[in-house]
Amino acid sequence: MDFTGEELIAAPRDVVWAALNDPEIMRGCIPGCKHIERLSPNVFEATIKVKFSLLSATFHGLLTLSNVDAPKSYTLSAEGKGGIAGFARGSADIVLEERGDETILHYHARAELGGKLAQLGARLLDSTSQKLAVGFFSDFNAAVVAKAAG
């Protein structure tokens, strides 16, 4: 599953970059995120509950930042285990483009599911993954704008 998109955020790039690296903002924006903690400058531990149609699974795993070019871009990789439901792996390339006092956040994301989750069907998984990504970036946009205004 691959998908791309962008968000126009009414905040300067350095504010957006700081928010992308703030565990509290991320916890509030990642759909179903129950816990996120920074283990090192580039590694976070997270617990996320995701609902796929009739099946929901709680994933425990790591989020890792790589290819960091502050404050312009990074790659966020995630790998989590959901018990009998299976596993989830994914990554997103994030690029921040300055446009005056605003920032365009470009993303290209990839996701892979295994175990019982993989049996649900590609269209359902694609739809759910895209919905989660759009929800995250929309909520992230709102959180950054609120933080910049406050």
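The values are calculated or read from the model by the stated rules, or taken from the named source; none is laboratory data. Nothing here was measured: the structure is a model prediction, and the numbers come from that model. Glycine also receives a Cβ, built like all others from the backbone with ideal geometry; neighbour counts cover every protein chain displayed. The protein model used for the area step is the full one, side chains on, heavy atoms only, and it has no ligands, DNA or RNA in it. Shrake-Rupley method; radii C 1.70, N 1.55, O 1.52, S 1.80 Å.
Of the cross-linked pairs K34/K131; K51/K147; K51/K72; K49/K72; K81/K147, which ones have a Cα-Cα span greater than 27 Å in the structure shown? Too far apart for the 27 Å limit: K51/K147; K51/K72; K49/K72; K81/K147.
Put simply, the convex hull of the Cα atoms in the stretch 2-149 casts, on average, a shadow of 8.0 nm².
With runs of 4+ DSSP H residues as the only contributors, calculate the mean residue ellipticity of the chain at 222 nm using -39,500 (n - 2.57) per run, divided by the residue total and rounded to the nearest 500.
Values: 3 runs with 43 residues, N = 150.
So the helix-based figure for the chain works out to -9500 deg cm²/dmol.
Remark: the chain carries 54 Å² of accessible area per residue (probe radius 1.4 Å; ligands, DNA and RNA excluded).
Go through N42, G5, G83 and say which Cα lies farthest out towards the positive end of the charge dipole of the chain; charges sit on Cβ, +1 for Lys and Arg, -1 for Asp and Glu. In the chain, that residue is G83. The mean sequence distance of close C-alpha pairs (under 8 Å, at least 6 residues apart), as a share of the length of the stretch 61-127, puts its relative contact order at 24 percent. The stretch between R99 and L54 holds 12.0 nm of extra length on full extension. This uses 0.36 nm per residue minus the Cα-Cα distance. A crude spin-label estimate for the pair H35 and S73, with each label 7 Å from Cα along the Cβ direction, gives 3.5 nm.
Taking every alpha-carbon pair under 8 Å whose residues sit at least 6 apart, the chain reaches a relative contact order of 28 percent.
Pop the C-beta distance of S127 and I84 into the FRET formula with R0 = 35 Å and round what comes out to the nearest 0.05.
On the way: r = 23 Å, r/R0 = 0.65.
After rounding, the FRET efficiency stands at 0.95.
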